[in-house]
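K.L.:
I have a structure I would like to understand better, so I am pasting it below and will then ask my questions one at a time.
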Amino acid sequence: MAKTLYDKLWESHVVHQEADGTALIYIDRHLVHEVTSPQAFEGLKLAGRKPWRVGSILAVPDHNVPTTDRSSGVSGIADPISRLQVETLDQNCTDFGVTEFKMNDQRQGIVHVIGPEQGATLPGMTVVCGDSHTSTHGAFGALAHGIGTSEVEHVLATQCLVAKKSKAMQVKVEGQLQKGVTAKDIALAVIGKIGTAGGTGYAIEFAGSAIRGLSMEGRMTLCNMAIEAGARAGMVAVDDITIDYVKGRPFAPKAEQWDAAVAYWRMLHSDEGAKFDAVVELKAGDIQPQVTWGTSPEMVVEVSGRVPDLAQAKDDVQRGDWERAYAYMGLQANMRISEINIDKVFIGSCTNSRIEDLRAAATVAKGRKVAANVKLALVVPGSGLVKAQAEQEGLDKIFKEAGFEWREPGCSMCLAMNADRLEPGERCASTSNRNFEGRQGQGGRTHLVSPEMAAAAAIAGHFVDVRNF
Amino acid sequence: MDKFTKLDGLVAPLDRANVDTDAIIPKQFLKSIKRSGFGPNAFDEWRYLNHGEPGMDNSKRPVNPDFVLNQPRYHGASVLLTRENFGCGSSREHAPWALLDYGFRAIIAPSFADIFFNNCFKNGILPIKLDAAIVDQLFNEVAGQEGYKLTVDLENQVVVTPSGQRIAFEVDAHRKYCLLNGFDDIGLTLRHVDAIKAFEAKYKVAQPWLFN
Ligand code: SF4
């Protein structure tokens with residue numbers, strides 16, 4: 001029978017299955033960061049257990065690390081509670097012999113950036129992390145999803161996860177994207193179409209010629225936001241682009257193992273005629289640059305559009321949500337998106353902090369200046385290696401000359417656990433993935449956009465269509 | 001994990017859709033390395049009028065009288081009634097920890113986000129999906145009757161209203177078994193150690209590059 005990519009990934013990892021479909025799934029790669037792991041390591045210690053396969057784990061501190069000066073190391077983290085969390089990760093990794101890229105290691109970065117960058121994420125793998133954006137890794141034809149801390153402990157102790165198979169959804173995007181329209185815009189357009197709960201209970205496979213045309217960076221951006229559509233996992237079939245990206249990376253297979261791996265990876269796609277439980281189709285050529293206006297990623301419109309009117313809401317619950325969102329965001333119905341002025345800009349996060357994202361933003365920023373009304377425009381590379389690459393290409397200079405700040409890698413203002421945040425009422429054009437109330441700082445107002453759109457907004461001081469910029 | 005068998009609990013209505021885990025427990029409280037103590041900061045930004053940080057004495061903070069859980073009639077609630085897609089966003093298990101610590105043992109909504117839904121079961125909280133129309137009805141009943149309680153009977157998979165209406169709900173057999181007995185998954189999974197080892201041995205031959 002014709003199988004979906006998801007069927008193949010699922011079936012190849014089932015260790016045991018109960019009558020009700022509850023299965024034990026074997027986990028190949030376990031990524032760990034400092035926020036969701038301390039209680040799991042503690043539980044392991046209390047039970048006198050050890051990690052089942054320590055070689056499957058890769059740890060990195062990313063959420064709490066400062067993006068400014070790090071010369072005094074972990075002891076220089078100003079917030080004592082953040083510092084303790086990073087120290088606790090370091091200690092747990094030492095105690096259990098876990099590979100960790102510490103804060104001042106050049107390989108440090110956002111967990112979802114460094115996994116692929118190191119070749120620690122490979123096609124065909126099951127990848128988990130105590131972080132919902134683990135869906136990112138599905139870009140490699142892997143089954144990757146976020147888990148809670150109890151599950152982090154469970155995977156540490158047993159190398160398995162208790163799970164039930166999801167339904168499969170195909171999101172098909174055919175055709176050619178317009179210039180200036182990116183994977184981020186596809187992601188937001190999909191969420192706008194199906195809603196933030198549209199993918200609940202599903203694993204999404206992104207397919208179609210527009211997806212095949214994306215680079216690995218673009219595919220990661222797209223899969224990253226599968227969770228914002230409600231799907232725990234997003235994935236893309238393996239092709240030459242995948243294999244070329246993986247080749248030669250530090251954790252990738254070498255020599256004869258490489259050939260055997262590639263032969264296997266080539267089978268990681270949905271078979272002709274495979275059945276999906278749901279199919280959503282979009283035409284790539286119709287997708288415009290997207291800007292979120294509200295406090296959920298589904299509250300999104302085209303840059304040429306307006307904040308929607310209550311009359312357009314589907315029911316009373318949505319009307320209530322929109323009214324709250326207008327008030328929180330300080331916007332009125334029918335306002336033009338291009339008339340919204342911004343106070344800050346954030347280019348970074350596991351959605352858009354890879355080299356390609358920075359190149360795209362730098363192309364827009366080059367030779368221009370950040371608008372006077374923009375108090376802060378931050379560029380936070382996804383990893384130390386992305387940062388080094390960008391500096392080698394001179395991107396840091398372009399950004400600095402335009403008035404952006406160039407920072408050290410980490411999650412930064414994506415969730416504002418460190419010192420980078422919005423103040424109450426401040427409005428931000430952000431390349432991150434969540435515009436929830438308070439996400440970037442209490443009272444902060446987030447508009448999600450692509451890196452190009454964020455850079456253009458920084459220069460103009462308000463949202464503009466990057467295609468006419 | 002505490003067992004969940006039957007609960008007779010006061011119901012608190014949170015009339016919002018898409019309540020995300022950032023709202024349930026804001027990020028500054030995620031810096032804790034413990035599992036407990038999150039209750040006073042559940043819904044922190046809605047619940048208090050000032051900005052909360054870890055280590056503050058929450059009993060001295062100004063509360064937001066407009067936030068539903070601050071109304072005296074809902075104090076001591078153990079059943080949370082809410083709208084669709086509850087628990088979306090971040091995978092933080094701090095969200096169910098905070099709800100549990102606050103006192104909630106059951107959550108009723110038309111739908112839940114997957115990771116949150118899963119995390120609830122790991123912590124002895126029962127999330128119950130009911131039809132949107134029934135949820136609407138319950139919201140009306142709660143609003144109309146102070147001290148409104150529901151009985152949640154996991155064994156028989158029913159919610160019973162004060163008028164005696166019995167509303168059936170679905171729950172996965174495995175999850176029900178774990179909740180009723182207070183079992184955590186690790187102990188259960190370790191009964192399959194041999195199967196895991198056998199799988200691993202075969203797998204290592206087939207895909208040796210995963211074991212470098
Ligand atoms: S960059 Fe943002 S979304 Fe990504 S892992 Fe960090 S906090 Fe989470």
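K.L.:
Please go through region A:52-62 and give me each residue that is open to solvent by 20 Å² or more (accessible area, probe 1.4 Å) and touching a residue at least 60 places away in the same chain (Cβ under 8 Å), ordered by number.
P.N.:
A:52, A:53
K.L.:
Right, here's the next one. Report those strands (runs of 3 or more DSSP E) wholly inside region A:1-67 carrying at least 1 residues which are more than 17 Å from residue A:147 (Cα to Cα).
P.N.:
A:14-17
K.L.:
Report, by residue number, each residue of region A:425-457 that is under 16 Å from residue A:337 (Cβ atoms) and more than 19 Å from the chain's Cα centre (by Cα).
P.N.:
A:427, A:445, A:456, A:457
K.L.:
Let me ask something else. Residues of region B:44-74 being away from every other protein chain (no Cβ under 11 Å) and touching a strand residue (DSSP E or B) at 6+ places or on another chain (Cβ under 8 Å), which ones?
P.N.:
Matches in region B:44-74: B:47, B:49, B:58, B:61, B:62, B:63, B:64, B:68, B:69, B:70, B:74.
K.L.:
Which of the residues that make up region B:168-183 are surrounded by fewer than 17 Cβ atoms within 10 Å (Cβ to Cβ) and charged (D, E, K, R)?
P.N.:
Selection gives B:170, B:172.
K.L.:
Kindly indicate whether residue A:386 is within 16 Å of the ligand (Cβ to nearest atom), of a type outside the set (Gly, Ala, Ser) and either touching a residue at least 60 places away in the same chain (Cβ under 8 Å) or out of contact with any Leu (no Cβ under 9 Å at 6 or more places or on another chain) (or both).
P.N.:
Values: within 16 Å of the ligand (Cβ to nearest atom): yes; of a type outside the set (Gly, Ala, Ser): yes; either touching a residue at least 60 places away in the same chain (Cβ under 8 Å) or out of contact with any Leu (no Cβ under 9 Å at 6 or more places or on another chain) (or both): yes.
In short, yes.
K.L.:
Here's a follow-up. Give the number of residues within region A:397-409 that are closer than 18 Å to residue A:352 by Cβ and open to solvent by 20 Å² or more (accessible area, probe 1.4 Å).
P.N.:
5
K.L.:
Got at least one residue in region A:273-287 being surrounded by 18 or more Cβ atoms within 10 Å (Cβ to Cβ), within 14 Å of chain B (Cβ to nearest Cβ) and not aromatic (Phe, Trp, Tyr)?
P.N.:
Among the residues of region A:273-287, not one is surrounded by 18 or more Cβ atoms within 10 Å (Cβ to Cβ), within 14 Å of chain B (Cβ to nearest Cβ) and not aromatic (Phe, Trp, Tyr), which makes the answer no.
K.L.:
Something else now. Take residue A:182 and tell me if it is open to solvent by 20 Å² or more (accessible area, probe 1.4 Å) and more than 16 Å from residue A:25 (Cβ to Cβ).
P.N.:
yes
K.L.:
Then there is this: Need the failing condition index for residue A:219 against (1) under 11 Å from residue A:140 (Cα atoms); (2) part of a loop (DSSP other than H, G, I, E, B), just the number.
P.N.:
(2) is the only condition that residue A:219 fails.
K.L.:
Does residue A:453 fit the bill of being closer than 22 Å to residue A:218 by Cα and open to solvent by less than 10 Å² (accessible area, probe 1.4 Å)?
P.N.:
Numbers: closer than 22 Å to residue A:218 by Cα: yes; open to solvent by less than 10 Å² (accessible area, probe 1.4 Å): yes.
So residue A:453 fits the description; yes.
The values are calculated or read from the model by the stated rules, or taken from the named source; none is laboratory data. Bear in mind the structure is a predicted one, so any value in this text is a computation, not a measurement. Backbone-built Cβ (ideal geometry, glycine too); neighbour counts: all protein chains shown. Surface areas here come from the heavy atoms of the whole protein model, side chains and all, with no ligands, DNA or RNA. Shrake-Rupley method; radii C 1.70, N 1.55, O 1.52, S 1.80 Å.
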